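See structure below.
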Amino acid sequence: MEQREKRQNIPVPPDSKKERMPHIYVLLFIISGVAALMTYVIPAGSFERVPGPNGRESIDPESFAQVDTSPVSFMEFMLAIPRGMVGASEIIFFTFIIGGMFMVLRRTEIIEIGVDRLARKFKQRSVAIIPVLITVFAVVATTIGTPELSLVYIPVLIPLFISLGYDSMTAAGIALISTAIGFTAGVMNPGTVGISQQISGLDTYSGFGLRLVVLIVIITIGSIYIMRYAQRVKSNPMKSLTYEEDHLKRSTYSDALSQPATRATKRQLAAIATLPIFFIILVYGVTQLGWFMLEMSGLFIFMGALVGIIAGLSLAKICDAFTEGFREVLMGAIIIGIARSVAIVLEDGQIMDTIVYGLGTAVGQLPSTLSAIGMMIVQLCINFFIPSGSGQALVTMPIMAPLADLLGVTRQTAILAFQFGDGFAHILFPTSGYFMAALVVAGISWSKWVKFFVPLFLIYMGVGMVFLIYAQITGWTG
């Protein structure tokens, strides 16, 4: 790569020669190994499971008891990654289908046509598109609670922003941060706020006003942060964190605006006209029928095949495109399974509940003025082990809701602490499956994403603390 850049007289950033962080496979394997060792140190314990909201399993917060220790054996550790693949099969399959479907769309050239038109429209004011997209994606996520849609957005955004003179990090940042913003604010998020309020005995979606203010504030901060980064990249491409990785993308898309406008054929126009129909079906399925990754995968298979046929691709070319797309996201799919192995190890060793119980108890030891912030930090730690918003709500809120009563914190504030602790960590911790898959789709290493995102993450944690202090001082009940 470096020699190719030199031959084209394109400077190579000085830190591109060596990756400082270990490979993500190695990092996740080490984390899984540490989790296995923890099962020999941390006492095993368990909560009783009881029926929860929407027919999902929750815990009885009064039922924690120590059980016989069951440290993870070498054989169990050896099988953790294969079992992780099986346990995360829905999101792994979803990742493959996303890759295959978008490769079919690329073969039809309708993505290039759409990118060309958008790029020309926003050529003179390209940075203005960033807050618009962030707001739209955040509103979708805060309403239907699916940050996984970032996997859908990234393949479309990358060619657009490369052609406008930005980079892959800008595109991935818009998709991941906007969906995390909406998911965290949770104005009407059924998977986190809805479930948490049902567990806590509160009216569903009460506290709408303050959550809407949270959404506006974090959208504004996220938009400014990404716009500043994007403007630095446009003024000096060498400042791009993905400068080297974007070499082939730049050669494909960066000259698009210097060429005559792309004209679509009648078949391509017909294919483009079908896309809104599929999007409407997707939104209806997710919001009204409870669709998740399995159903969305089936829809995307059908979408890729039908759009390909309408655009004039042969069945053989459609199949080849799916296969090529599968190859491009293979690493992301493997990462998801390895990440899932961490939770499997903790569950096999029966220390997951012990960790949750211990962290919840630790909050009870804090001064009352710090209780809400302590809850946020605890939820942040738990998210590393339970990287699912609804799953974390079902495990932690039965503990945090009554604990809030004892600490003089309103249950509404406890839920807000859960939202801040849970939401942003989904695009930071490598145990988050959809997030790691999104990075692979974008062609970005986890270490470079951390360099890009951690400053904003710390800002968001500070914002969360301010809102929690306000909620605790005012006795916010919604």
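So here's what we get for this one:
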read-out: Those helices (runs of 4 or more DSSP H) lying entirely in the stretch 54-126 with at least 1 residues hydroxyl-bearing (Ser, Thr, Tyr) and touching a residue at least 24 places away in the same chain (Cβ under 8 Å); value: 89-108
read-out: Among (1) assigned to a helix (DSSP H, G or I); (2) at pLDDT 85 or above; (3) of a type outside the set (Lys, Arg) - the single one residue 313 does not satisfy; value: (1)
read-out: Positions within the stretch 226-248 being surrounded by fewer than 19 Cβ atoms within 10 Å (Cβ to Cβ) and in contact (Cβ under 8 Å) with a residue 40 or more places away in the chain, in sequence order; value: 227, 231, 234, 237, 238, 244, 247
read-out: Breaking point among (1) part of a helix (DSSP H, G or I); (2) touching a helix residue (DSSP H, G or I) at 6+ places or on another chain (Cβ under 9 Å), for residue 263; value: (1)
read-out: Residue that is farthest from the chain's Cα centre (by Cα) [pool: residues in the stretch 145-165 that are in a helix (DSSP H, G or I) and farther than 17 Å from residue 91 by Cβ]; value: 163
read-out: Residue within the stretch 395-414 that is closer than 21 Å to residue 44 by Cβ, of a type in the set (Asp, Glu) and either out of contact with any Phe, Trp or Tyr (no Cβ under 9 Å at 6 or more places or on another chain) or surrounded by fewer than 23 Cβ atoms within 10 Å (Cβ to Cβ) (or both) present; value: no
read-out: Candidates 230, 264 - the one that is touching an Asp or Glu at 6+ places or on another chain (Cβ under 9 Å) and modelled with pLDDT of 85 or more; value: 230
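The values are calculated or read from the model by the stated rules, or taken from the named source; none is laboratory data. Computed from a predicted structure; not experimentally measured. Positions of Cβ are backbone-derived with ideal geometry, glycine not excepted, and every protein chain shown enters the neighbour counts.
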